[in-house]
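Q: Sharing a structure here in structure tokens format.
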Amino acid sequence: MCDANSVLPDSKSDQGTEPSGESKNQDVSKEDDEEDAVQHKSLHSSCSTIVDEAEQNDVVNVDMMTSDLPRDLENDFVAATTELENEDSVLDSEEWKAKEKHIFILSSSGKPVYSRHGSEDKLVTLFGVMQALVSFVQDSDDTLESIHFGNNVIVFQIRGPIVLVAVSKKNDSVLFLRNMLEYVYNQVVSVLTLRQVTTIFERRRNYDLRRLLTGSERLIDHLLTFYETEPSLFMNGLACIPMPSPQREAISSVIVSTCSKIKNLVFAVLVANNRLIALARKRKYSMCPSDLHLILNMVAASESFKTAESWTPICLPQFNANGFLHGHVSYLTEDCDACLLLLTVDQDIFFQLSEAKKKITEKLTKNNLVSVINDVLKKPPSSWVSLHYIGVSKIRHFIYKCKKSQNILSSPLTPPYDTTDESRKLFTKYQNLYSKMFESNPQLQVLFQESDEERVVCLIGEKFEVLAALEPVIKKQSALDLINKLCQWIQKEEDRFFITNVPYL
Amino acid sequence: MARDSSSKKRVDAKIVIVGSSGAGKTALMERFVYSKFTQVRVQTIGATYVSKEVFRGKESIHLSIWDTAGTERYRSMMKQYYRNAKGAIICYDITDKHSWDALRSWATEIRGNEPDCRLFICGTKKDIVDEGYAPPGVHSDCVKFYAEGLQAPSIVSSSKTGENVDALFSMVADELWEEVHQKPLKKDVVSLDKPVRRNCCYSA
Amino acid sequence: MAQKQPSKLSLRNFFVYNVNYGDTEGKEEEKILFFHPRETNIDVQMREVGLSEAIVKFTENFDEAPCDALHSQKTRKLFLQPEKDFWMIMTLNVPYGPKSTEVMEGSDYLGHEVETDVYRSVLTQAYSTARLFVGPFQAVLDSQNGDTALLVKKLDHFFKRYLLGLRLRDCDILTVFDGIQFLPLDKTTFLRCQCFVNLVEASFPLVAHSVLIYNNSLVWSGLNPDDAKVVFRYVSSNLLPSHLKANYLAHRTTSNNSPRIARFVTGPDCLIDLVYSDKTPKVYLGNVTQPSFFHLIVYKVVDLVLCLFVPSKETLKLELYRQLDAFLHTRMTELDVEINSYRKTVNDPPEAPDTRWVYFNTTNLATKDMLRDKKKGPQSDALVRALVKLHQNHVRLMKEGNSSSETYLRTSTDHWIIGRMSNFRQFYILIEKKKLSLHEVDDAVKKLSETQLRGIFFPT
């Protein structure tokens, strides 16, 4: 098959030597560390010792993990000799070839970390080729970005010691795939922290990261599907459960009043069905959409016992890529799908949070708010927005993003988009056009595209972004009028669909 | 916090379930607490906390169970989960030699950090061996010998059939019961789960 | 560190290799048939070829589609497999400079300024032109029993000059279309032209095919469009300009008693020489009944150019040129006048101000445009580049089964870009006038379609 060394004459010598760029990265990460330590201290000087201890723990941990060289090498050897025989069968299998999207993660030394389809062990040579290509281009002081062939595109992203590769067979935009890899990278960081990743590879360039990621493959798998099916990820927005604002405020205020005395609580997040119900944050800190998506992904990908409480370390890369937050994760009640996450920097306050959560549930139940939440969750998403009711039934589907709050509202997928195939096709179209708006130079503000299937309109305004699919024969001006009408309606109902005001804890 | 004075006779005990990834810790907890079994399991992230009351006549013991993640990346955080635990159930998959090897390192680590924590050794997936789907990966004599040396009771259970699961937890409860009743309880001891360093939060 | 100077798009390297050669250890460089720049160290050449081969093999793991392009931060590599086992690779240096025209600070590599489709087309044209003169690469190898020496020599001879004339920065959407500009004529005039060509072919049975060009537009072609476009491109953009230049120089340096006949663009300089050396080029036509080489005789009277293809096995004698000259001169002078007078009766439609546009028909490769003749600036360069992306999108929609599509774009600089595709006809418009309403734009597009593309139907 593809033996990298035979075609890349100089690549062998790369394997052992560090690319010169790496030392730079280390410097950068050190700076980050310091910055982040400062952040912690300013947040709460009283618990700085805890943070320090956690840091030490991490270092000890890495020592422990990297000290047993022989065992790992032996494993590698075994993997190399026994698995290689099966390899061709994976690459040759029609099923594998037919996959629409492949995602690979590898270390800069070529060690497989993750493959979306097919076991990494059986793709060792392919991983080797990817590493060789990346380092070959790096040798000329350049960076590999993408390969294009037919309807296929392969996107590379190099993030410190980690290389991420996306292969798409349906002409996805490079921006879409880059974003996808960014999410995957953030998921890895979320599980391990950037500091741990950096330290490990500083100590042992050849480290098999799978040892630390065992069990997280599922999180990545889930995230990829989430990314492909939920446009709010690509559009970097937060999707909320619609709710009359007095009720949402009542819920928030229960959370805020109960938690106000808890010193090191950074975020309180109430979510259900991959959407946000309520959010509260410590002053000066805000929740980035991409961080929230990692939280939603974790909640959705984990099996949950409604009565159990989890105490989960999670790193939110946009908030702080180098440290863990500790999350008290639990469902409000046994018969409620809303999941409450209390995120703190203090790893010792589980029972305090557990108590707070009990009180929150009690108060919400007493004020009838749990049943309010249950009622809202019972309503099918198709009932949230009625295009017919708004009087814009010629709009078949839309996604609206409010730029200020970064909240997103989309209409239900009704015919002709009610099948998986058709909705995917529409999202691919959206995704491509949306990328085009930003990739073009000069950037685009308005786009009308008419084809046999539908008219798609994309507007990037000062305050909002809209993607909409309309009936194909409709005139441009009429389409614009309808979209304006829709936007006005959304802006009037904003309080119900969006969380415009995030209260402080 | 669990420091309300209403539960006069209530005794709390913190128990932690540890062991290598895939040994069946969550399944064990789930069988004991919810009496159910799920074949396909998702990796536990961090740790899950559940509590269950076990009765001894009129009195009861409240087991606070921490089901922990077995993956290596959480090793550094494990200390916070087993800190002040009264008992630790260390699981190994009886069909998997590696999980047995891991058990020994768990035992050493907990012994070293929490000398007062009682250890229990639990072999899981008994049904797989019983039904002949896989041979045992560890010799039972070997387990016995090691357990004796550790002065830890050992048992082999199946979360799928439920065999020996209640027996395991009864055994745990019994041991802790004895211990609890040997010493008269002071309030501080009751809340076994209280963090050591807690000078800041309770303004009440 | 020294500040990197801004740089424009440039050619980094260009090479041709055959994967079947260079298998023997120590003789790997045998697979390289051409490499530009020639002075490149052989190890560097091998690395470049190695990378290309690795990329090709890597992509084969996922799909059969051959590799098109590789993007890196600093370069763009275009791939073409023109014949089985042959690969042509062109690497471009991505321009470097300020990220936007407004902000001068923060220079970077401007990858977005390099439209891959345009340079893929440059590469495809390089091959089709090479084939016009060299013939199919494999055929050259076969004629030498697989020895590469002759092909290496031929490729070197051809590309050396071809690459010098490559104006990469002038390439745009018209390069992508690689179309032919047709001369619009009324029926009578067109028939006159056709009769004339038929008469030539009947009077000179040696002539196998002919092409008639008027003022850089195609009037009539007896070739398959794929051959015609290569010949047309070569004649109109290489041969005629250099002929014009040579004539101009000759006119200045020699006195007017020169016996030189400027009418033969290819062929003898003068028809009374006692010693005649045949300077007529031989070109390869691949889409005729018997693909082979032909002598290409190009004869020009005022604005009218006639290309005649004579099978290469025939020996061209001076006598033939004399007969041709005698036959063609008056007839073509008359025809030129006739075409010219028709052109004068047709009023060119009033040019729409602040508007650039381009039309392309994928079936007959006809293009029409008002794109390059206007003043350009960095802003309109960017807008013209945007047309390529728009075209790409329409091709995609067509592949997805849409028979017609239409796109209206408004940029953040308040310009409108419009693309329409219907039944293999494509029309792209760029309105540089600012602050137009959708209604005004619609009107402008409608007007433009009516005046410029009479008879070309676009459903709205």
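Q: Quick one: net charge around C:Thr24, please, counting Lys, Arg +1 and Asp, Glu -1 for every other residue with C-beta under 14 Å from its C-beta.
A: -3
Q: Fewest to most neighbouring Cβ within 10 Å: what's the order for C:Glu25, C:Glu432?
A: Sorted ascending by nearby Cβ count, the order is C:Glu25, C:Glu432.
Q: Can you compute 3J(HN,Hα) from phi for each residue in region A:120-128, using the Karplus curve 6.51 cos²θ - 1.76 cosθ + 1.60 with θ = phi - 60°, rounded to whole Hz and x for Gly and Pro?
A: 4, 4, 8, 10, 3, 5, 4, 4, x
Q: Which of the DSSP-defined H helices in chain C satisfy a minimum axial length of 15 Å, computed from C-alpha atoms, and a minimum mean Kyte-Doolittle hydropathy of -1.0?
A: The qualifying helices are C:42-60, C:116-134, C:149-164, C:187-203, C:240-253, C:318-345, C:378-399, C:438-452.
Q: Give the span of region C:295-368's Cα atoms along each principal axis, as three whole-Å numbers ordered largest to smallest.
A: Projected onto its principal axes, the Cα set of region C:295-368 covers 53, 30, 19 Å.
Q: Report, in listed order, any pair from A:Lys357/B:Lys126; A:Lys169/C:Lys74; A:Lys122/A:Lys170 with a Cα-Cα distance greater than 28 Å.
A: Violating the 28 Å Cα-Cα cut-off are A:Lys357/B:Lys126.
Q: Moving on to the next point. How far apart, in nm, are the 7 Å Cα→Cβ label points at C:Lys446 and C:Asn216?
A: Computed distance between label sites C:Lys446 and C:Asn216 equals 3.4 nm.
Q: A follow-up question, please. Can you give the local net charge around B:Glu163? Use residues other than it whose beta-carbon is closer than 14 angstrom to its beta-carbon, Lys and Arg +1, Asp and Glu -1.
A: 0
Q: Say each of C:Val44 and B:Glu131 gets a label point 7 Å from the Cα, pointing the same way as Cα to Cβ; how far apart are those two points in nm?
A: About 6.7 nm separates the two model spin labels.
Q: So how many Lys-Lys pairs in region C:180-345 land under 15 Å Cα to Cα, not counting same-chain pairs under 8 apart?
A: Taking region C:180-345 as the scope, the lysine pair count is 4.
Q: Can you grab the distance from the C-alpha centre of region A:447-483 to the C-alpha centre of region A:116-159, Å, no decimals?
A: Result: 37 Å between the Cα centres.
Q: In nm, to one decimal, how far is the A:Glu493 label point from the B:Lys97 one, both placed 7 Å along Cα→Cβ?
A: According to this spin-label approximation, the distance is 6.4 nm.
Q: Counting other beta carbons within 10 Å of each Cβ, put C:Lys84, A:Lys111 in order, fewest first.
A: Sorted ascending by nearby Cβ count, the order is C:Lys84, A:Lys111.
Q: Provide the net charge surrounding B:Arg118, with neighbours chosen by a C-beta distance below 13 Å and charges set as Lys +1, Arg +1, Asp -1, Glu -1.
A: Local net charge: -3.
Q: Give me, ordered by chain and number, the residues 5 or more places off A:Val113 or on other chains with an amide H under 5 Å from its own placed amide H.
A: Amide H neighbours of A:Val113, under 5 Å, 5+ apart: A:Ile105, A:Leu106, A:Ser107.
Q: Each residue of region B:140-154 in order: what ³J(HN,Hα) in whole Hz does its phi give by Karplus 6.51 cos²θ - 1.76 cosθ + 1.60, θ = phi - 60°, with x for Gly and Pro?
A: Working through the residues one at a time gives 5, 4, 4, 5, 4, 4, 5, 4, 4, x, 8, 6, 10, x, 10 Hz.
Q: May I pose another question? Charges only on Cβ, +1 for Lys and Arg, -1 for Asp and Glu: so what's the dipole of the protein assembly as shown about the Cα centre, in debye to the nearest 20?
A: My answer is approximately 3540 debye.
Q: May I ask you to list the lysines whose Cα is less than 20 Å away from that of C:Lys434, ignoring any residue fewer than eight positions away on the same chain?
A: A:Lys476, C:Lys374, C:Lys375, C:Lys376, C:Lys446, C:Lys447
Q: Pick out, in residue order, every one of the GluC sites (Glu not before Pro) in region A:260-341 that is DSSP loop and has at most 11 other C-beta atoms within 10 Å; say none if there are none.
A: A:Glu334
Q: Determine the relative contact order of region A:238-378: mean sequence separation of Cα pairs under 8 Å and six or more apart, normalised by residue count, in whole percent.
A: This gives 27 percent for region A:238-378.
Q: Which entries of A:Lys429/C:Lys99; A:Lys284/A:Lys463; A:Lys401/C:Lys8 have Cα-Cα distances beyond 31 Å here?
A: The answer is A:Lys401/C:Lys8.
Q: Also, quick follow-up: Find the relative contact order for region C:18-137 and round it to a whole percent, using C-alpha pairs within less than 8 Å whose residues are 6+ positions apart.
A: 17 percent
Q: Using the count of nearby Cβ atoms within 10 Å as a rough guide to exposure, how do A:Ile105, A:Ile162 rank from fewest to most?
A: Result, fewest neighbours first: A:Ile162, A:Ile105.
Only the coordinates and a few stated rules stand behind these numbers; no lab work does. Being a predicted model, the structure only gives us computed values, none of them experimental. No Cβ is skipped: glycine too gets one built from the backbone with ideal geometry, and neighbour counts run over all protein chains shown.
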